[in-house]
Each structure stands twice: as structure tokens, then as C-alpha cells.
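Student: Sending over a structure as C-alpha cells; questions will come in a sec.
Read-outs throughout are calculated quantities, based only on the coordinates presented, and are distinct from any laboratory measurement. Remember, it's a predicted structure, so these values are computed and weren't measured experimentally. Quick reminder, even Gly has a Cβ in these numbers, built from the backbone with ideal geometry, and neighbours come from all protein chains shown.
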Amino acid sequence: MGEGSVPLSQIRNADVLVLPIIVTNDGVHLNAPFSESDITLLSLTQCLKENAIVVGGHITPEIAGIFKQGGFRTFDYFTREELIVKNCIPTAEGALQIAMEELAVTIRGLNVLVLGYGRVGRTTARLFSSVGANVSGAARKFSDLAWCRADGIEPIHTNDALNDLSRYDLIINTVPSKILDRSRLMTVSKDALLIDLASKPGGVDFDAAGELGLKVIWALSLPLNAKKQNRSYATVLLLLSDNHFL
């Protein structure tokens, strides 16, 4: 336990429970990597007073159900567009950091494919382009392909991009569906790096990638370092200060 912290067993009658940006990784336990022991979501209900409010990120109906049984209201941070947008920036920076650490070449001149051109994909593509990479943005919607052109990113339909991945040095996936299966991974260069930014189940067949000798990093829960995490946490606190949740 950190300095100034209080054991969970001593907490009672809390009005508000503030949970992490990613509440849980398995649907049962709290996402608390620095805790000395596992904490179940159900055990947290014992800390709350009647009609307490629970706020967290990516609260599924199953998670909400755990708290609803105790009469507690839940609110998801990611119903707020401003947090989603702010969270895209450190996520993109985290992807850039990974690429700089893992690749033996500079980012400038690198051939990069970003799969998916939603909020995260667009922010990531623009960041890599700004440091000199040759970036292609893959999307299925014509509106997203139009945004690629507007952002100075080479637009390519997802189906066309997936047919031949051999020309890319770095492939960044943001689509939370396994679009990079074995047949498609077989066209990836052995020297390429794949970064999966998608939430579970991810977009890469990791078993097939390993068998093919490809380097894949599943970068769940970016931002990577505490400084960037604190920025997101500060944003959450700002949201809590208004009347949307309370």
C-alpha cells in the first residue's frame, strides 16, 4: 500500500467510488496492478453507502449489474466525448514511443499503415505523419477515407490494404476485431512491427503471428507511463466536478 492509503476493509459509507479508466480486465477483479492482493468488484460494494455513485471507464452491462444489485448508480467516463478525445492523444504518443523503441530505423520515411480511422486511428496517423512517416489510413467508410485525404494521409480501403501488407514497415491496428488473421499475416514483412491498440479481443491472431515469427505488441491500456496516466486522471476529476455524474 502506498503512503497515505487506507486498507479497503476500513472504508465504509463512501458517497462516490472512482474506478480506473479500465475498470477490469476479466470482469471479476478490479484493474489494480499495484495492489498486493486481488480485489473483486463485488467486494467494493461493501465500501459504499446507500445510493452511492460508481464511476469508471468501459463499464459493461455485466459490471454495472454487480453494482446495480446493491442499489448503486454507475456512470461511464467514456460517455463523455471530451475524455475520449483527450485519451486519444497519449494513446497515439504511446504508439509512437513503442515504435521508436522497437524499430531499428527512424520513423521518418517509414511506411506505416493505420487500420481503422476512428478517433484513435486518426490521431495516431496524424502524429506519425507529423514526424515524417509515410502513412496510409485504412477504412471501410467513405467518410473516413475522405477524412484521410483531408488530413494528408493516403486513403486506402481496408479490403485493399489487407490483401497485401508486405510494403509496410509498421502496421498499427485500432479495430477491435480479428482482421489480421493467419492468411493476411503471411503477407507481412518479417522485419515489420505490428502494434495492436485495439481493446479485447484485439485485431491480431497472436498465435499465428508468433508461429510466423512476426513481432507484435498488444498495447492495451495506453498511455504507458504514469505522467500521461495522471493527465487522463486529471481529466476524469474535471468531469466529476460538474453535474453530469453528480
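Student: Compute the relative contact order of segment 1-72 as a whole-number percentage, counting only Cα pairs closer than 8 Å that sit 6 or more residues apart in sequence.
Tutor: The value is 38 percent.
Student: Also, I was wondering about something else. According to the square roots a ≥ b ≥ c of the eigenvalues of the Cα gyration tensor, what is the shape class of segment 8-79, taking rounded for a/c under 1.5, prolate for a/b larger than b/c otherwise, and oblate for the remainder?
Tutor: It comes out oblate by the Cα gyration axes.
Student: For the residues Ser166, Ser37, what sequence is obtained by ranking on other C-beta atoms within 10 Å, fewest first?
Tutor: Ascending number of Cβ neighbours within 10 Å: Ser37, Ser166.
Student: What list of ³J(HN,Hα) couplings, whole Hz, do you get for segment 170-183 from phi and the Karplus terms 6.51, -1.76, 1.60, once you set θ to phi - 60° and write x for glycine and proline?
Tutor: My calculation for segment 170-183 gives 9, 10, 10, 9, 10, 8, x, 8, 6, 8, 9, 8, 4, 4 Hz in order.
Student: In the structure shown, do any of Lys141/Lys200; Lys141/Lys215; Lys49/Lys86 have a Cα-Cα gap over 26 Å, and if so which?
Tutor: The answer is Lys141/Lys215; Lys49/Lys86.
Student: Rounded to the nearest 5, what is the percent of antiparallel bridges among the DSSP beta bridges in segment 8-79?
Tutor: 10 percent
Student: Now a separate question. Neighbouring Cβ atoms within 10 Å as the yardstick, rank Ile63, Ile89, Ile195 fewest first.
Tutor: Ile89, Ile63, Ile195
Student: Another question, then. Can you find, among Ser177, Ala138, Thr60, the residue sitting farthest towards the positive end of the charge dipole of the chain, where Lys and Arg contribute +1 and Asp and Glu -1 at Cβ?
Tutor: Ala138
Student: Which of the three applies to the chain, rounded, prolate or oblate, going by the alpha-carbon gyration tensor with a ≥ b ≥ c and a/c under 1.5 meaning rounded?
Tutor: Verdict is prolate for the chain.
Student: Could you give the DSSP H helices of the chain that reach 24 angstrom or more along their long axis (alpha carbon positions) and whose average Kyte-Doolittle hydropathy is no lower than 0.0?
Tutor: Those that clear 24 Å and a mean of 0.0 are 81-102.
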